[in-house]
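The values are calculated or read from the model by the stated rules, or taken from the named source; none is laboratory data. Note that this is a predicted model, so its numbers are computed, not measured. Cβ placement follows ideal geometry from the backbone for every residue including glycine, while neighbour counts extend to all protein chains displayed. The area values use the complete protein model at the heavy-atom level, side chains included, leaving out ligands, DNA and RNA. Shrake-Rupley method; radii C 1.70, N 1.55, O 1.52, S 1.80 Å.
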Amino acid sequence: MEIFELTDGVVVLRAPGPADVDRIDALCQDPAIQEWTTVPSPYARADAESFVTGYVADGWARGTSCNWAVRDAADDALLGMVGLGMEGAGSAEIGYWLAPEARGRGLMSRAVDLVLDAAFGRLDLVRVSWRAYVGNGPSRAVAERAGFRVEGELRLGAVQRGVRRDEWLGSLLATDVRPRRVGERSPAAASGNEG
């Protein structure tokens, strides 16, 4: 699969490269990222190198995953990661994490919207799934804002570093109506038919 970038003018999504290894290593030291994701813990610089040069590069090359660094469009600072793991038959699973200083600003919601636009457009997927460990309210809030339907909870359904954990799961279909983004006009307003 050919690597591509996405932007809305506030965030830029670009595949991480070797120059991002130190920043990824630093961000993955965050206790919340280690608590709520499957990144190795403890996290070492070698893990970041392997992620960038192995997992990310191989995923794009084989078409098995698309991973982007979430960057501030103003200064190109790496603020987090968002990715799609292809599940086959027109489906993928979305995952994401964000730096502590970037949380609460709507940046991940913007990034997820861009990825979903690409998933249902350029990638022609019919379904995107979302999973999070029970208790990860911020991840769930981003998913729900994006239009995911939280379909349930799997008791001890996930494994994190060898330990079983409860997880939430949800999905979004290409045919589902997605919420409008902040500042986005409805089709009626764009045509001048909205009162």
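Is it the case that residue 7 is at pLDDT 95 or above and farther than 23 Å from residue 132 by Cα? If you could, list the steps in order and put the result at the bottom.
Working: at pLDDT 95 or above: yes; farther than 23 Å from residue 132 by Cα: yes.
In short, yes.
With the structure loaded, tell me whether residue 70 is touching a helix residue (DSSP H, G or I) at 6+ places or on another chain (Cβ under 7 Å), assigned to a loop (DSSP other than H, G, I, E, B) and open to solvent by less than 30 Å² (accessible area, probe 1.4 Å) or whether it fails that test. Spelling it out, it is not the case that residue 70 is touching a helix residue (DSSP H, G or I) at 6+ places or on another chain (Cβ under 7 Å), assigned to a loop (DSSP other than H, G, I, E, B) and open to solvent by less than 30 Å² (accessible area, probe 1.4 Å). Taking the criterion of being under 21 Å from residue 132 (Cβ atoms) and among the small types (Gly, Ala, Ser), the residues of region 22-56 that qualify are 32, 41. Could you list, in sequence order, the residues of region 114-143 that are part of a helix (DSSP H, G or I) and open to solvent by 50 Å² or more (accessible area, probe 1.4 Å)? The answer is 117, 138, 140.
Picking from residues in region 144-155 that are part of a strand (DSSP E or B) and out of contact with any Asp or Glu (no Cβ under 7 Å at 6 or more places or on another chain), the one that is most open to solvent (accessible area, probe 1.4 Å) is 149.
Just give me the residues in region 48-62 being among the polar types (S, T, N, Q) and in contact (Cβ under 8 Å) with a residue 24 or more places away in the chain, in sequence order. Within region 48-62, just 53 meets the criteria.
A quick yes/no check of all residues on (1) among the hydrophobic types (A, V, I, L, M, F, W, C); (2) surrounded by 15 or more Cβ atoms within 10 Å (Cβ to Cβ):
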residue	(1), (2)
4	yes, no
19	yes, no
36	yes, yes
39	yes, yes
45	no, no
53	no, no
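For region 84-113, give me each residue that is on the phi < 0 side of the Ramachandran plot, among the small types (Gly, Ala, Ser), touching a strand residue (DSSP E or B) at 6+ places or on another chain (Cβ under 9 Å) and open to solvent by 10 Å² or more (accessible area, probe 1.4 Å). Correct list: 85, 91, 95.
Among the residues of region 26-45, some residue qualifies, meaning at least one is in a helix (DSSP H, G or I), under 17 Å from the mean Cα position of the chain (by Cα) and more than 20 Å from residue 105 (Cα to Cα).
In region 61-71, how many are of a type outside the set (Ser, Thr, Tyr) and touching a strand residue (DSSP E or B) at 6+ places or on another chain (Cβ under 6 Å)? It would help to see each step written out before you state the result.
First, pick out the residues of region 61-71 that are of a type outside the set (Ser, Thr, Tyr): 61-63, 66-71.
Among the residues that remain, those that are also touching a strand residue (DSSP E or B) at 6+ places or on another chain (Cβ under 6 Å) are: 66-71.
Within region 61-71, residues that are of a type outside the set (Ser, Thr, Tyr) and touching a strand residue (DSSP E or B) at 6+ places or on another chain (Cβ under 6 Å) number 6.
Selection of first residues in region 88-100 that are part of a loop (DSSP other than H, G, I, E, B) and modelled with pLDDT of 95 or more and of second residues that are open to solvent by 30 Å² or more (accessible area, probe 1.4 Å) and acidic (Asp, Glu), restricted to Cβ pairs under 8 Å at least 6 apart or on distinct chains, gives the following pairs, ordered by first then second residue: 90/124.
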